[in-house]
Amino acid sequence: MATLSIQPVPLPTQQSPQSLPEGAAVLITPSVQPPFTAIRTLFDHLRSNPAAAASLNATYPKRGIFKSAALTNKLSDQKFTIDLSPTRTSLIPATLRSSLAPHGLEEVTSFFKSVVDNHVSDILSSLSQIAGVDISPLHATKNINFRLCDYNPSTAAPLSENGCGEHTDYGTFSIIFQDGQAGLELQDPLCPTTWHEIPGDATIILAGWCGYILSGGRVCAVRHRVRRMPGVRRLSAVLFVAPDLEVTLKPLVESDVRFSKEVMGGKVRVGWFKDVMGKRWRWREGNLEVEEGEGVVQDEEVGRLVFG
């Protein structure tokens, strides 16, 4: 097992870092670095070869893998994404994997496998210490997803600053790897109009809603966003870790947080919660249409479910 160096996020003093709760976000020094050259190559190949992109998406017809709504949707997040997981990767036929290998796919999947093997258990152990209860057994099935993000200037709204709209992740925690370009920002929990910039070369862990609920609020989940710079391309790689889908989302320890009756009554399961949140993040990303009048900020609806 690789040694994992974890430290608080250093924020500029003028941004009042004291207002961020302890443990809200931490930097890590990972044992492996993302293959950003391969990531760039894979995005470029899929964008310039519609047949290859269609073949890849056909392996997971429910949601697709390569998402490019930002080519035509000016209001969505202005980014392209490649969404993978161990299950989705296993569905890619050998011939297609072989054809995509020279364009970076194998380097990407090998990188994420190394991150899972070397770091996920250690991070779950660290979060368990903060929570005061062992949450590792709730992650037995390795409910893990991988996402590559290309904040490319060549979108429907090239001057838009909206790379990724403000939101809190759904799972236990996420690891965000960046290519050196700044843009990731964390919202100040005590001053919602203040956003803290994260250095572009930092690798950061952020907790999500599931981690927050299971820990009774001891593990802080912070809303974040990505701002684009016109004309600047930015790449990131994100590992999402969530509890097993059948786990009941309910505090495992005594908590002063006033959760909703649904949460405290054990009526919310991870799989259902993901479906509810997924509708919102797919709408924000331009991959799903919602009914008229449903244009609500993702965290607002989730907050009503979690807190009542």
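Observations, loosely collected:
- Our helix-only sum for the chain, with -39,500 (n - 2.57) per DSSP H run of n ≥ 4 divided by its residues, gives a mean residue ellipticity at 222 nm of -8500 deg cm²/dmol.
- Look at the alpha carbon pairs under 8 Å that are at least 6 residues apart: their mean separation over the length of the stretch 119-207 gives a relative contact order of 21 percent.
- The orientation-averaged projection of the convex hull spanning the C-alpha atoms of the stretch 56-172 amounts to 9.1 square nanometres.
- Whole-percent pair-distance distribution, where bins are 10 Å wide, for the alpha carbons of the stretch 181-224: 27, 45, 26, 1
- Folded to 0 to 90 degrees: helix 121-131 orientation relative to the chain principal axis, Cα: 30
- Nearest-ten-degree value, helix 36-48 long axis tilted from longest Cα axis of the chain: 60
- Within straight-line cross-link reach of Lys261, lysines at Cα separation under 27 Å, skipping those fewer than 8 residues along the same chain: Lys250, Lys274, Lys279
- Size of electric dipole in the stretch 83-207: Cβ of Lys, Arg +1 and of Asp, Glu -1, about Cα centre, debye, nearest 20: 560
- Label corresponding to Rg and Dmax of the Cα atoms in Å when calculated from the structure given, among [x] 33.2, 114; [y] 18.8, 54; [z] 18.5, 67: [y]
- Farthest toward the positive end of the dipole of the stretch 60-213, out of Ile205, Thr72, Asn162, is the Cα of Thr72, where the dipole comes from beta carbon charges about the Cα centre.
- Centroid-to-centroid separation of the stretch 37-84 and the stretch 159-223 [C-alpha atoms, Å]: 23
- With a Förster radius of 25 Å applied to the C-beta separation of Leu75 and Val276, the computed FRET efficiency comes to 0.70.
- Glu301/Asp134 FRET efficiency (R0 25 Å; Cβ-Cβ; nearest 0.05): 0.25
- Taking all Cα pairs closer than 8 Å and separated by 6 or more residues, the relative contact order of the chain comes to 21 percent.
- Rounded tilt (10° steps) of 105-115 against the dominant C-alpha axis of the chain: 20
- The alpha-carbon atoms of the stretch 207-281, seen along their principal axes, cover 49, 24, 19 angstrom, with the largest extent given first.
- Debye, to nearest 20: dipole size of the chain, +1 on Lys, Arg Cβ, -1 on Asp, Glu Cβ: 600
Bear in mind that the values in this text are calculations on the coordinates, not laboratory data. Computed from a predicted model, the values in this text were never measured in an experiment. Neighbour counts run over all protein chains shown; Cβ positions are idealised from the backbone, glycine included.
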